[in-house]
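Before any comments, here is the structure.
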């Protein structure tokens, strides 16, 4: 099955992919604590980021409901370390790739006992304006929670699953994953 998923992921535009053993994921409080600095401007503003995505214990419970998954990466080549245009473009491509891949695996594997858990890079951008905190999420089955919001150190998850995280100078890689089974 992984070979088929990898082929599909590459067709959907990802640069790199690898199998993910959920038991290797360590949920770290210090990652979640860093969210409170609000560097990405999403803290306390969306259902997909803290505190809207739940406590760290609740997030770990979500993760542990799955056994396996697939790591998905989109790598962009930057002109230099200040190439913000390419950084943004690569981030948008990663989100598009993740949306397309998610649609395809839901079609291919409708008999999975539960919905796959889609985990992205950064806050969910499905809606222009998130309903947080006044109303429930409009699309809870399509929301993308970020790896960091779940307490994951992305480079560590990649390393523990034998997938590089760094692809050389003037590159930027966005990483997400989908948990299933």
Practice prompt. Tell me which residues, restricted to the range 9-43, are surrounded by 16 or more Cβ atoms within 10 Å (Cβ to Cβ), assigned to a helix (DSSP H, G or I) and either at positive phi or at pLDDT 95 or above (or both).
Written response: 9, 22
Fill in: Meets criteria (within 26 Å of residue 164 (Cβ to Cβ) and touching a strand residue (DSSP E or B) at 6+ places or on another chain (Cβ under 7 Å)) for residue 78
yes
Item to complete: Would you point out which residue out of 54, 76, 95 is part of a strand (DSSP E or B), crowded, with 16+ Cβ neighbours inside 10 Å and either touching a residue at least 12 places away in the same chain (Cβ under 8 Å) or in contact with a helix residue (DSSP H, G or I) (Cβ under 8 Å, 6 or more places away or on another chain) (or both)?
Response: 76
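Given the criterion part of a loop (DSSP other than H, G, I, E, B) and at pLDDT 95 or above, identify the matching residue among 162, 129, 141.
Criteria check complete, one pass: 162.
The values are calculated or read from the model by the stated rules, or taken from the named source; none is laboratory data. None of the values given here were measured: they were computed from a predicted structure. We place every Cβ from the backbone using ideal geometry, glycine too, and count neighbours over all the protein chains shown.
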